[in-house]
Every structure is written in C-alpha cells, then in structure tokens.
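To start, the structure under review is shown below, and the notes come after it.
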Amino acid sequence: SAWGDRIFISEDGGESWERILHISENTGISDIIIDPRDPDILLVSAYQRRRHPGVLVAGGPDGGIWKSTDAGNHWKQLKRGLPGGDLGRIGLAISPQRPDVVYALIAGTDDTRGFYRSDNLGESWEKRSDYMVIDAQYYMELFPDPHQFDKIYSVNTLLQVTEDGGRTFRNVNRIDPGL
C-alpha cells in the first residue's frame, strides 16, 4: 500500500503494518511496480510535492526511482542514465513480454524530462525521447500493450501511443474537426 510519503507492508493479511520506505516529509510515492517473476523486486517513483493555497511545489531534489530486491527491507536509488536535480512526477511501467524492460515517463526540466527505458530492471536507463504529457499532475500513467512488445499507451488529454519503445509517439484517436 502507498499513501503520501509512506509505503507500508503487511505480512499477516493486514492485521499489522510496517513502514518500509520514507524519503522525506514532502515526498510521496506515486507509482509502484512489481516484477511479475519475483514479487520481492519492487521499483517505486518518488514525487516531491506540496500544495497550499496559492502555492504548488511539483518536484524537487527528492524525486527519483528507488529499487528493492528483498521485498522492501532495503532500498537503493537508481541513478545510472537517469537525470539528476529537481524532478517532478515519474510514471513507471514494466513490459509484460520482457519484464526486465521498464519504462519511465519523467517530468523535469526542459533538458531532463522525457521518456526513458531500462533493459535491466532499472539498473541503467536510456532517454528515448523528449515526449511529455500536458500536465504531469494528472497524466503520468503508462500502459504497456499486453500483446506487442515496446508498444506503450500514455494517458494524456489525447491518448498517445508509441510502438518503438518511446522513440516516437502519436495520437491514438483524433477527432477530425471537418466532420
């Protein structure tokens, strides 16, 4: 379960809970993915965010991707090939065909934001494109196609799809204003 700045685990069917990851007071977990071959392998994205009347902090230095290989007992921040500095929300997804392949949509600066892909469960990453959704607060969900490798849908104002692992995106459906 993820809630705000905490991830909790229960090993007794929900009778008791233990916090297994805390990054900072203003940083929450926005996505959790589990390796379908090994439920002890977890990847999470951290999102430093705080909203007050008239103020929105939507990113910061505590953002990033974290990995555990022992069901959340120990965590390491993944960095190789990922941008540093202030990051916004990060959407994560794992390939159903090749679970070593992980996708990340990262909100950041003009130079760092974009679509990233890892071929080794997050140990190293490659930036595939500068693709970004219109508003990272709402549209950071990635859905890999269950039948075609490297085809990923991105929820945005208009649904987007890539069929080449994030190098290019196109609208799935477009309303023709001439109709």
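I'd like to check one number: the per residue accessible area of segment 21-120, probe 1.4 Å, reported in Å² as a whole number.
With the other protein chains kept in place, segment 21-120 gives 47 Å² per residue.
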Sorted by chain and number, the residues with a modelled amide H under 5 Å from that of Gly63, at a separation of 5 or more or across chains, are Gln48, Leu87
Gyration tensor on Cα atoms of segment 111-156, a ≥ b ≥ c root eigenvalues, a/c under 1.5 rounded, else prolate if a/b beats b/c, else oblate, says oblate
Relative contact order of the chain (C-alpha contacts under 8 Å, at least 6 apart) in percent is 13 percent
The chain, Gaussian network, Cα under 10 Å: of Leu43, Leu159, Leu21, the residue fluctuating most is Leu159
With all protein chains present, the chain has a carbon and sulfur share of its accessible area (1.4 Å probe) in percent of 49 percent
Sorted list, accessible surface of protein heavy atoms, 1.4 Å probe, largest first, for Lys151, Lys127, Lys79 is Lys79, Lys127, Lys151
Applying the gyration tensor rule to the Cα atoms of segment 83-178 (axes a ≥ b ≥ c; rounded if a/c under 1.5, else prolate if a/b exceeds b/c, else oblate), the class is oblate
For segment 83-93, in residue order, the Karplus 3J(HN,Hα) values (coefficients 6.51, -1.76, 1.60; θ = phi - 60°; whole Hz; Gly and Pro = x) are x, x, x, 6, 10, x, 5, 10, x, 10, 7
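The values are calculated or read from the model by the stated rules, or taken from the named source; none is laboratory data. None of the values given here were measured: they were computed from a predicted structure. We work out accessible area using only protein heavy atoms, side chains counted, and drop any ligands, DNA or RNA first. Shrake-Rupley method; radii C 1.70, N 1.55, O 1.52, S 1.80 Å.
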